[in-house]
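One structure is given below, encoded as structure tokens.
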Amino acid sequence: MADAIAPRYRLLVLLAAFTTLWFGELASLRRRDIDVTGRVIVAQRAQAERQGAKLFDKAPKSAVGVRPVAFPDEILANVAERLEHYAFGM
């Protein structure tokens, strides 16, 4: 599936497959949430939908919801490529 989707969304599919992150957490990721050296993503918010289809970022329901999530070495090149081409700043 990752090969069939537009390159811009490839990492989203890979992270959904290889981590425990929920879609709302994936959708709200920021560059600063990703540590390439440590191969860790810090989940600290999730995107949700209000009535009327407006999206917003929300905090987790509890402190347990803020957590580091490791990603495998096999997708490290995909993470680095995504950050190089689509992410701005730190």
Report summary line: Cβ-Cβ cut-off under 15 Å around Ala70, Lys and Arg +1, Asp and Glu -1: the net charge is -3
Requested in this report: Give a quick list of chymotrypsin sites (Phe, Trp or Tyr not before Pro) in the chain that DSSP marks as loop, anything other than H, G, I, E or B, with at most 15 other Cβ atoms within 10 Å.
Outcome: Trp22, Phe88
Report task. Of the listed values (i) 13.8; (ii) 13.5; (iii) 16.1, grab the one calculated as Kirkwood radius over Cα pairs in Å from the structure here. Result -> (i)
Query - On Cα atoms only, tilt of 76-86 relative to the major axis of the chain in degrees - result: 70 degrees
**Report entry** the chain, relative contact order [Cα under 8 Å, separation at least 6], %
**Finding:** 28 percent
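If exposed means no more than 10 neighbouring beta carbons inside 10 Å and the site is in a DSSP loop, what's the longest run of the chain without any exposed trypsin sites (Lys or Arg not before Pro)?
1-49
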Report summary line: Over the chain, with neighbouring protein chains present, the accessible area per residue in Å² at probe 1.4 Å is 70 Å²
Report summary line: Taking a ≥ b ≥ c as the square roots of the eigenvalues of the Cα gyration tensor, with a/c under 1.5 meaning rounded and otherwise prolate when a/b exceeds b/c and oblate if not, region 46-90 is oblate
Query raised in the report: Under a Cβ-Cβ cut-off of 10 Å, what is the net charge of the residues other than Leu14 that fall near it, where Lys and Arg count +1 and Asp and Glu count -1?
Result: +1
Report summary line: Taking only protein heavy atoms and a 1.4 Å probe, the highest-to-lowest accessible-area order of Ser28, Ser62 is Ser62, Ser28
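The values are calculated or read from the model by the stated rules, or taken from the named source; none is laboratory data. Predicted, not measured: the structure shown is a model, and the values here were computed from it. Every residue, glycine among them, receives a Cβ derived from its backbone with ideal geometry; neighbour counts consider all protein chains shown. To get the accessible areas, we keep the full protein, side chains included, count just its heavy atoms, and leave off ligands, DNA and RNA. Shrake-Rupley method; radii C 1.70, N 1.55, O 1.52, S 1.80 Å.
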